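The values are calculated or read from the model by the stated rules, or taken from the named source; none is laboratory data. Since we're looking at a predicted model, the values are computed, not measured. FYI the Cβ positions are ideal-geometry reconstructions off the backbone, even for glycines, and counts take in every protein chain you see.
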Amino acid sequence: MLITTDQYRGMDRRAIWHPYTRHSAVEAGEFPVITRGEGVYLFDTEGNKYVDAISSWWACNLGHNHPRLVEAIIRQARELQHSILGNLSHTRAIELAMELVSLFSEPSHVLFASDGASAVEAALKIAIQYWQNLGRGGRNRFVSLENAYHGDTLGAVSVGYLEGFHSPFEPVLFPAHRAESPHCGHCRHAKEPASCNRECFDSISTIFEQHAGELAAVIVEPLCQGAAGMRIYPPEYLGLLGRLCNEKDVLLIIDEIAMGFGRTGKMFAFQHVDIQPDIICLGKSLAGGYLPISATVVKDEIFETFRDKPEDRTFYHGHTFSGNPIAAAAALETLRIYEQEAIVEQAEQKGHLLKDQMASFLGLPHVADVRCLGMIGAVELDEDPWLAQSIREHLLVKGILTRPLGNVVYLMPPLVTPEDILIRTVEALYNAVEECGRERG
């Protein structure tokens, strides 16, 4: 029996609790019901085609239904579906770990998990236990940036607290030091790039001066605070932070979950500057966005402190599906595609095109700021949530899927998006901003 779109929507309302979605939006909206993907497009039950302009929550960097990824998943599913990594191993996890550590200059070990928040949670726990392993258990506090987002588990929320998302959980969070966010789009110090002396860095520098003896680590999203509204900041800030961590002997955790794997025009965002993170969190596009897998990459000098002789310092932490063979096989093929098809180099070139195309937005009414980094383009509107949502609805009718962050409408399309589709998507966004702004008056 053929199930209609309305019937699917009815079943959805009956059974699905949607993440980061208001009940009223689901109850009132005639939302698309997606059935398949192909390249940069998603298709719904009505046959409508949509440009996936946010890479399905920033994950599908290689687009949808990539034949090599699909084949890698099918091939592995015929051989081994799951096997734990506790006191065992399997070939795909070993191969993937070796590929990952080869991407970084420091000798490292990889701890696998299933999602970005779990990778962050592991990083925080590793940092705490590392100092205990060294007999310095008093170092148990973290520094993060204002408006940071690192996931939705309680540890990740403690260092990535956004009041609009997380205020109900504040009573059970652990305290963390919050440094001023380096938000160049709205500089608190009224500086232009030519006159900037990184005054925003004074805040985190002061925290280090006052609390260095109790700090386990600092954790940051490199170059762009995603959930805060695509707040982009310069590599120089990250360079200063790397040097400060070295001077004060504080671990540096880089959260590459959203920015990693080519999104910024480098394989990893921190590589825009010469720093060496102690712990790197990976996720989202690690397996091309096709299967849930994440990783916490840890320098060997940290890993070595967790030995169990002469006393037990084992890291008693793990997840059932850590390093799942099918997900690991997809991740391996993803890395091969990146190398063989020069995905990062393509992303860098298309990022310049995206920036050029979006330069004209600053002339539009109601546009407060335009910012770009690699294959990220964000338009910040004046403070009116209605306008951003009306732009989203306008674009949906035009066959483009977006998901504004407050008053910020952004594009974060697959890195493999053809240039003509990228240009047409930017043009559609421009027209939507112009038309919806005119309707608002």
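Here region 153-204 is the region considered, the condition is being of a type in the set (S, T, N, Q) and out of contact with any Ser or Thr (no Cβ under 8 Å at 6 or more places or on another chain), and the residue that is modelled with the highest pLDDT is Ser158.
In this structure, Gly135 does not qualify as among the small types (Gly, Ala, Ser) and in contact (Cβ under 8 Å) with a residue 60 or more places away in the chain. Out of the residues in region 251-289 meeting the condition of being among the polar types (S, T, N, Q) and out of contact with any strand residue (DSSP E or B) (no Cβ under 9 Å at 6 or more places or on another chain), tell me which one is nearest to Glu236 (Cα to Cα). Here the residue is Gln271. Applying the set (1) surrounded by fewer than 24 Cβ atoms within 10 Å (Cβ to Cβ); (2) within 19 Å of the chain's Cα centre (by Cα); (3) not small (Gly, Ala, Ser) to Glu247 leaves exactly one unmet item: (2). Filtered by the rule that a residue be over 17 Å from the mean Cα position of the chain (by Cα) and over 17 Å from Ala216 (Cα atoms), region 136-180 gives Leu154, Glu163, Gly164, His166, Ser167, Pro168, Phe169, Glu170, Pro171, Val172, Glu180. Of the candidates Pro171, Pro175, the single residue that is surrounded by fewer than 13 Cβ atoms within 10 Å (Cβ to Cβ) and without any contact (Cβ under 8 Å) to a residue 24 or more places away in the chain is Pro171.
Select, from Ser24, Ser114, Ser55, the only residue that is within 20 Å of the chain's Cα centre (by Cα) and not assigned by TED's automatic domain parsing to the domain that holds Ala331. Going through Ser24, Ser114, Ser55 in turn, the sole match is Ser55. Checked against the criterion of being assigned by TED's automatic domain parsing to the domain that holds Leu223, at pLDDT 95 or above, in contact with a helix residue (DSSP H, G or I) (Cβ under 8 Å, 6 or more places away or on another chain) and among the hydrophobic types (A, V, I, L, M, F, W, C), the candidates Ala329, Ala428 yield just one match: Ala329.
Scanning region 390-441 for residues that are farther than 14 Å from Gly377 by Cβ and without any contact (Cβ under 8 Å) to a residue 40 or more places away in the chain, we see that the one that is surrounded by the fewest Cβ atoms within 10 Å (Cβ to Cβ) is Gly441. Considering only residues of region 81-90 that are hydrophobic (A, V, I, L, M, F, W, C) and surrounded by 15 or more Cβ atoms within 10 Å (Cβ to Cβ), which is farthest from Thr320 (Cα to Cα)? Among those residues, the one meeting the criterion is Leu85. What residue, among those in region 23-36 that are touching a helix residue (DSSP H, G or I) at 6+ places or on another chain (Cβ under 8 Å) and surrounded by 15 or more Cβ atoms within 10 Å (Cβ to Cβ), is farthest from Thr417 (Cα to Cα)? This residue is Val26.
Residues in region 346-365 that are in contact (Cβ under 8 Å) with a residue 12 or more places away in the chain and over 21 Å from Leu381 (Cβ atoms): Gln346, Ala347, Glu348, Lys350, Gly351, Leu353. Among the residues of region 369-385, the one identified as free of Cβ contacts under 8 Å to residues at least 60 places away in the same chain, surrounded by fewer than 24 Cβ atoms within 10 Å (Cβ to Cβ) and assigned to a strand (DSSP E or B) is Val370.
A single entry from Tyr8, Tyr50 fulfils the requirement of being aromatic (Phe, Trp, Tyr), free of Cβ contacts under 8 Å to residues at least 40 places away in the same chain and farther than 30 Å from Gln271 by Cα: Tyr8. Listed here are the helices (runs of 4 or more DSSP H) enclosed by region 138-220 that have at least 1 residues being of a type in the set (Phe, Trp, Tyr): 163-166, 201-211.
Filtered by the rule that a residue be more than 21 Å from Cys184 (Cα to Cα), touching a Gly at 6+ places or on another chain (Cβ under 7 Å) and not in a loop (DSSP other than H, G, I, E, B), region 221-257 gives a lone residue, Leu252.
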